[in-house]
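All remarks here apply to the structure that follows.
The values are calculated or read from the model by the stated rules, or taken from the named source; none is laboratory data. Keep in mind that what you see is a predicted model, and the values were worked out from it rather than measured. Quick reminder, even Gly has a Cβ in these numbers, built from the backbone with ideal geometry, and neighbours come from all protein chains shown.
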């Protein structure tokens, strides 16, 4: 639950959303990704052909959250293929994505064998295979080593340089970008 949040991002911009647990960082990302509805206010995304209706926001965004959408029983390659096809992406980019994210040697392993950092890298691979204008990343550096964090920074830089937009909710490391600080509302502080 949050209120009074307003911002505008132009093509090529990134925004880091910070705040304590319960301040609405993840909820904001779900609203922007079309997975939740706002009680008040408006959300608008223009992808060049005019504003996208709220019910279509998900088609133009990637929301990568804490769980990452990885299925344990499937192989690394099968996970990425499923996500790529589900999102209408380009399966011919899979090898390049797996290589770039350092997962090609693990392509035939079941996802249940991956470390938390490798699972995060697998979730991030779909950013390459199914491009979207808006990236909504919830704690993208979580569980990553220094090389993984540097890779996320590079991917974000390339995305924004090509006109993409990124919102990153985090407690930890974050790219250099504009910041939005969310605070707990008085009623939330009382229950915290």
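A count restricted to segment 13-54 and to residues that are in a strand (DSSP E or B) and either touching a residue at least 12 places away in the same chain (Cβ under 8 Å) or more than 27 Å from residue 158 (Cα to Cα) (or both) stands at 5. Scan segment 162-183 and tell me whether some residue there is assigned to a helix (DSSP H, G or I), free of Cβ contacts under 8 Å to residues at least 60 places away in the same chain and in contact with a helix residue (DSSP H, G or I) (Cβ under 8 Å, 6 or more places away or on another chain). Checked segment 162-183: no residue is assigned to a helix (DSSP H, G or I), free of Cβ contacts under 8 Å to residues at least 60 places away in the same chain and in contact with a helix residue (DSSP H, G or I) (Cβ under 8 Å, 6 or more places away or on another chain). From the list 96, 111, 73, 116, the lone residue that is over 27 Å from residue 48 (Cα atoms), touching a strand residue (DSSP E or B) at 6+ places or on another chain (Cβ under 9 Å) and loosely packed, with under 15 Cβ neighbours inside 10 Å is 73. All told, residue 155 falls short of being touching a helix residue (DSSP H, G or I) at 6+ places or on another chain (Cβ under 9 Å), modelled with pLDDT of 95 or more and within 20 Å of residue 31 (Cα to Cα). Within segment 100-117, the set of residues being part of a helix (DSSP H, G or I) and under 17 Å from residue 131 (Cβ atoms) comprises 100 only.
Out of curiosity, is residue 8 under 20 Å from residue 160 (Cα atoms), modelled with pLDDT of 90 or more and either touching a helix residue (DSSP H, G or I) at 6+ places or on another chain (Cβ under 7 Å) or surrounded by fewer than 13 Cβ atoms within 10 Å (Cβ to Cβ) (or both)? Answer is no for this residue.
Cβ-Cβ contacts under 9 Å between residues 6 or more apart (or on different chains), taken from a first residue in segment 99-115 that is farther than 19 Å from residue 127 by Cα to a second residue that is exposed (fewer than 11 other Cβ atoms within 10 Å of the Cβ), are listed as 110/73; 112/73.
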